[in-house]
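Peer 1: Next up is a structure, given as structure tokens.
Where a number appears in this text, it was derived from the coordinates with a stated rule and is not lab data. This one's a predicted model, so the numbers in the text were calculated from it and none came from an experiment. Because the Cβ atoms are built from the backbone with ideal geometry, glycine has one as well, and the counts that use them run over all protein chains shown.
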Amino acid sequence: MASHYTLLQVPEQASADELRQAFRRLSKRFHPDTTSLPTSEAEQAFQRLRQAYAVLSDPDARRRYDAELRLARVAASAAAATPASRPVNGSPAPSVTSVRRALSGGEWLALLLLALALVFSLVLGVGLALARGAAFSTWPSWLPTS
């Protein structure tokens, strides 16, 4: 799918004024009332044009869109570079996306149980060592004692 910059026929570094001029120029060409294109095709093209301009004219939305565009380019270049992502026998490769999410209640419980098991085993080990009368630290045999 074409990027919003491609739809508006402007470079990615275009200023707000350049975006507005490009939108006005293209909206005259694709507006359903002023074009010779079929009505349904003109409406779709004009809608895509309006959506692209709405995103790029808002500074916050434009920053988010640019970040998504960079991420998509990095993912595409990484997918092209790895042989595992190439289609095998004509079937498309599965896409893998990383999603950061909060831990569920069960995951928190598992972490708590692991922490408790670690603390219990440390206490048990130290307790058994004390009960046997073992020394906690001994000097190495190669180190001379004074």
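Peer 1: Got a sec? How would VAL10, VAL99, VAL123 order by Cβ neighbour count within 10 Å, fewest to most?
Peer 2: VAL99, VAL123, VAL10
Peer 1: Quote the charge dipole size of the chain about the Cα centre in Debye, to the nearest 20; the model charges only the Cβ of Lys and Arg (+1) and of Asp and Glu (-1).
Peer 2: Its charge dipole is roughly 120 debye.
Peer 1: Here is a further query. So for the stretch 4-83, what percent of the C-alpha to C-alpha distances run longer than 18 Å?
Peer 2: Within the stretch 4-83, distances greater than 18 Å cover 49 percent of Cα pairs.
Peer 1: Can you tell me the relative contact order of the chain? Whole percent, Cα pairs under 8 Å, sequence separation 6 or more.
Peer 2: It comes to 13 percent, rounded to a whole number.
Peer 1: Let me ask something additional. If I require 20 Å or longer along the helix axis, counting alpha carbons, and a Kyte-Doolittle average no lower than -1.0, what helices from the chain are left? Use full DSSP H segments.
Peer 2: 39-57, 59-81, 105-132
Peer 1: If neighbour count is taken as other Cβ atoms inside 10 Å, put HIS31, HIS4 in order from fewest to most.
Peer 2: HIS31, HIS4
Peer 1: Run a plain Debye calculation on the chain (Cα atoms as equal point scatterers, no solvent) and give log10 I(q)/I(0) at q = 0.13, 0.21 Å⁻¹, rounded to two decimals, same order as the q list.
Peer 2: -0.87, -1.20
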